[in-house]
1. Given the DSSP H assignment, sum -39500 (n - 2.57) over each helix run of at least 4 residues in chain A and divide by its residue total; what's the result at 222 nm in deg cm²/dmol, nearest 500?
2. Keeping every protein chain present and rolling a 1.4 Å probe, give me the accessible area per residue for segment A:131-268 in Å².
3. Excluding residues fewer than 8 places away in the same chain, name every one of the lysines whose C-alpha is closer than 23 Å to that of B:K4.
4. How much accessible area is lost when chains A and B come together, counting both sides, with a 1.4 Å probe, in Å² rounded to the nearest 100?
5. Hey, what did segment A:1-154 get for relative contact order, percent, Cα under 8 Å, at least 6 apart?
6. At a 1.4 Å probe, what is the % contribution of carbon and sulfur to the accessible area of segment A:1-154?
7. Straight-line reach from A:K437: which lysines fall under 25 Å, measuring Cα to Cα and dropping same-chain residues less than 8 apart?
8. Distance cut-off 24 Å, Cα to Cα: go down the list A:K558/A:K596; A:K558/B:K57; A:K639/B:K57 and report the pairs above it.
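The values are calculated or read from the model by the stated rules, or taken from the named source; none is laboratory data. Remember, it's a predicted structure, so these values are computed and weren't measured experimentally. We work out accessible area using only protein heavy atoms, side chains counted, and drop any ligands, DNA or RNA first. Shrake-Rupley method; radii C 1.70, N 1.55, O 1.52, S 1.80 Å.
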Amino acid sequence: MNLGQILSWISFLASIVAGLGFLAAAGGREGGGKVGRVAFRVQWFALLASTAFLWLILFNHQFQFQYVANYSSRSMPWYYVYAALWGGQEGTFLLWALITATLGLLMMRGRGLFANSTMLFLNLPLVLLGLVTAMRGPFLMWPNGGMPPDGQGLNPLLQDPWMTIHPPVLFIGFSSLVAPFAIGMSALVHRDYDGWVKRVLPWCAFSAGILATGFIMGGVWAYKVLGWGGYWGWDPVENGSLIPWLCNMALLHGLLVQRATGSLRRTNFFLAITSYVLVLYASFLTRSGVLADFSVHSFANLGLSGFLLSFLLIVLVTGYGALLWRMRDIPKAKEPLGSFSRESMMWLGQLVFMLMTALITVGMSAPLLTRLWGPPSNVQTSYYNLVNAPLAIALGLLLGSAPLMRWRHQDPRVFLSSVLPALGVGLAVVIAALLMKVQDLVPLTVLFGAGFALGANVIVTARGFRSGWKHGLPYLAHSGVAILLIGVIASSNYGASTQVQLPRGQSRNALGYALTYQGVRTGERGQDQVVIAVQDPSGNYEASPKLYWSEFNQAYMKKPHIQRHLTHDVYISPLEMVGQEEASRGVWFRKGESKKIGEVLWTFVDFDRQMGDVVRVAARMRAEIGGRTVPVRPILEMKMGGDGVPNRIPDYLPGGASVQILSVDPNTGSVQLELPGMGRGDGGDVLAVEISTKPLINLVWAGAIVMLAATFLSMIRRIIDQRRSQVAAAKA
Amino acid sequence: MNLKLIVALVLLGGAVTVGVTSFRKTVTPYITFAEARRASGLVQVNGVLADKAYVLKPDEQYLSFRLSDDKGEVLPVEYRGTVPGNFDQATSIVAIGRYDGKVFKADQLLVKCPSKYQAEADKAMAKGGTS
């Protein structure tokens, strides 16, 4: 056993002791709380030390540890070695546990029954994570002291500055949803059906802000690096981070209604439990391999589906079980919802969030659901757009009307007069869109809703800020959401896009820009960039998207060039290099000749010929790699009387690199081959690119920034409120 | 109370209707080759490259190949569009499209590649085991 494993066992055992201690304390034995708190601190220290130890062995390239060998390599720069901590599942679980325990440390400052049982429920996932880290964690070594000379490194797609920050932020968001769950559970146990609202609100705002930060970062990464031109793809992984957030949004708004009017008590408990259940359900779907056939992500199945499923079931049964047990005991509101008032609008908004959550969950569960009655099926991504468009319209309208209304009861006539300016903004947005030739009904309606919401919230924000900084914040966040929505509709539906082939040195026209492909330049870390001179009416520039061969992926990696303007982005994404003259690509061999290319010594032994309707020529090659000889036999096939295009059947080296015949010269008995490691990518003379415009994309980023800033400020405000009320309670 | 119920039911009913119709419109079943030959709508098939005899014309963005499933059945597939660069090393190919009577016309190809570290790790493990 190594130090890492010892630390993992210590934290696991400490989590059990802490759990038992908090259980005793929740039952009324104050001594138990003391034991629980000490054990919990021990657990946190052990988790912190294991994380530090994992970083230590990563930075010291201790490849005798399987995890280190699998997710890092000597050539990786330090900031990616640091990110390798969450490069694999095992490290992710450790990080998840550490974050949960850190949040627990913050919550442990409270005393009394309530605090002890909150800690009990917060500790529950830690026991499970502790078990899996101790049994299968990142500290396993190769059997019999084996040690590879170098590690495998991290997928180059993940080697981006955003990847060093985006995953931990998302994990903090996911983990933080344990707080509403634990606080809600202890409120149920101690029948404190209203008092928990104030305690849970700051945590709710915190999760909302952190998770949104996480997927906005993911969106920026997708847009900047992946090159498919979008920032959100409705992939299972993205949906998995979205559904807990939507559920948390429903909870946040429900809690505000409960605080003001005393309704929605049961719904809020249900949502607090469901948010965490959805975190676990999403991890189960995306990490256990059950979706492996339905996503382009390859999910390694570490045999963890059983663990994740039991984790999910334990939380699900405890959570919903407690709610059912207390269901009849939870008092109903004195005044039912349904009057023309702010709380009714917020409640409808909550309902819209819940429906979005449900429909997205159904969509991402399609492969499991359809298995019940037929062949497993998946939904196209258009499903998510179809179901969310009407809900986005409803959300925009509610987002605009709620802030203009009073609690309890709103006089409809007064509302009518205050709503007119906001409706004017909505109409102005629609007219602007019509002038820009947007003619489809659904986007126009979404734009109207978003414009209306923007108008209403800007008015209320201004009014709120006049009476104190904290009163305008929620409406400022809403204004950000409305701006974001307008940006999303414009940039994803109304950009122009075309594919164009660029012969080297010749100018080609696309979307009103003149593009000239000038050649290849080797950029940082040996990653080739293609250089394109762009003539733009508003100024010329040089575009340098990346297009390079990656040994890790055995594939071309591409990174787009984005030229930013105030009103739009020009997005130039390289597709591929099309060789015009194949003669320039290959290496010629005479019979018996040997050539060394890269690490491999190649020898052309002889041809095998086969005549008939189809003429087949196979080249018998010998490849010597590091003392090993591998026979390779690529084939060229030509159909007599066919279209004259030969069919090339490549052969492969053990690593997967392909060898193919480009042409054969029967007179000299020589063959022209394309071999791996010949510096692919720079041989072509025609570059195919996709060029597109992203109108108003800056509204997406601007809206996101406004939304995030306001969310975090309101979290701070909630914390201050909570402190004040504690101080006031202490005085009284 | 009634207003609350009515509004909620309208919203719920609308969402369920939109959900069900969208689901049915966009769902593409994962089916066997025999079923794909009979099916009329958009379907997904999955398999591996049957042999290395494929035709790839990058300048025309054209690819045709033979897909074979785990029972060894073979389906000819035609695809127009940007060909995934690592296509010939795929451990599994998912094609989404429809069968036109002769070939399966794919609108979309999802290509899953061997995870390099996994393969190398297995190798290293084997090495460790014998030494």
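1. On the way: 19 runs with 387 residues, N = 732.
Estimated from H runs of four or more residues: -18000 deg cm²/dmol.
2. 29
3. Leaving aside lysines fewer than 8 places away in the same chain, those within reach of B:K4 are A:K332, A:K334.
4. On the way: alone 32800 and 9190 Å², together 37430 Å².
About 4600 Å² of accessible surface is lost on pairing.
5. Working: 235 pairs, mean separation 55.2, N = 154.
It comes to 36 percent, rounded to a whole number.
6. The C+S portion of the solvent-accessible surface of segment A:1-154 is 69 percent.
7. The qualifying lysines are A:K694.
8. Values: A:K558/A:K596 29 Å; A:K558/B:K57 20 Å; A:K639/B:K57 17 Å.
Where the Cα-Cα span goes over 24 Å, the pairs concerned are A:K558/A:K596.
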